[in-house]
Amino acid sequence: MKTSQFYDTISPLYFVIDFFLKPHKRLLVQEVNNYPNCSILEVGVGHGTHLTKYLSKRITGIDLSAEMLQNVKKNNPSPITLLHMDATNLSQLNQKFDVVVLAHVLSTTPNPNKILEEALNLLPTNGKIIILNHFSNSPVARFFEKLFQPVSKLFHFQSYFPLENLTALKNVRPVKALKFGVLNSYQLLVFEKP
């Protein structure tokens, strides 16, 4: 099953996933709101239930799943530009964005570096990229994540996901790294394009 079909299929149940990701989204909203007058591109917008909490009024959301985008429309009465597109080819977007948000996206794609390259191309100098994702940190966690990898792939998810594999980030400047706790592998990372 293709990734878009998978997310179209689980879209009616995505509110359950959203519930468990609420603490992550809360921190994400706080970070994005540090840039209230900026143009924002959110890649892999999901149901977009958090978008109404953004202070910026210049938001573009993209998703590979048409069903997810339908839910974004239901959840957001304010005008948000929504586009059905693949994040590995963002050349159709003929504009720059001050901030690009990748929340819970990179570990759900077979080519996260391609998505990062595309996103970085849409940033101006000093533009920010905000990444919220799980990363394989400790040796013990990496061991179990590698064991679980064959099962997680059935759900279009990479359980083993080391940050050092994101080579597309080598030419950007780290600005911030926030962790969600000692036993939590999720991090919110902010990078700036030089």
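The values are calculated or read from the model by the stated rules, or taken from the named source; none is laboratory data. Only a predicted model underlies this, so the values are computations on that prediction, with no experimental measurement involved. Methodologically, a virtual Cβ is constructed for each residue, glycine included, from the backbone with ideal geometry; neighbour enumeration extends over all protein chains shown. Side chains included, ligands, DNA and RNA excluded: accessible areas come from the protein's heavy atoms. Shrake-Rupley method; radii C 1.70, N 1.55, O 1.52, S 1.80 Å.
Averaged per residue, what accessible surface does the range 62-152 expose to a 1.4 Å probe, in Å²? Don't skip to the end; give the middle numbers.
On the way: 4300 Å² over 91 residues.
Normalised by residue count, the accessible surface of the range 62-152 is 47 Å².
Applying 1/(1 + (r/R0)^6) with R0 = 25 Å to the Cβ-Cβ distance of ASN111 and GLN30 gives a FRET efficiency near 0.30.
Restricting to Cα atoms and excluding each atom paired with itself, what does the Kirkwood estimate give for the range 37-82 in Å? Before the final figure, lay out each step's value.
Values: mean 1/r = 0.0967 Å⁻¹.
About 10.3 Å, per the Kirkwood formula over Cα pairs.
Counting only aspartates and glutamates at least 8 places from LYS73 when in the same chain, those with an alpha carbon closer than 14 Å to its own are ASP63. Model label points for LYS2 and LYS22, set 7 angstrom from Cα along the Cα-to-Cβ axis, are 3.5 nm apart. In this label model, HIS84 and GLU164 are separated by 4.2 nm, measuring between points 7 Å along each Cα→Cβ vector. Give LYS25/LYS114; LYS74/LYS114; LYS2/LYS179; LYS25/LYS128; LYS22/LYS74 a once-over and call out the pairs whose C-alpha atoms are over 21 Å from each other. Pairs exceeding 21 Å: LYS25/LYS114; LYS74/LYS114; LYS2/LYS179.
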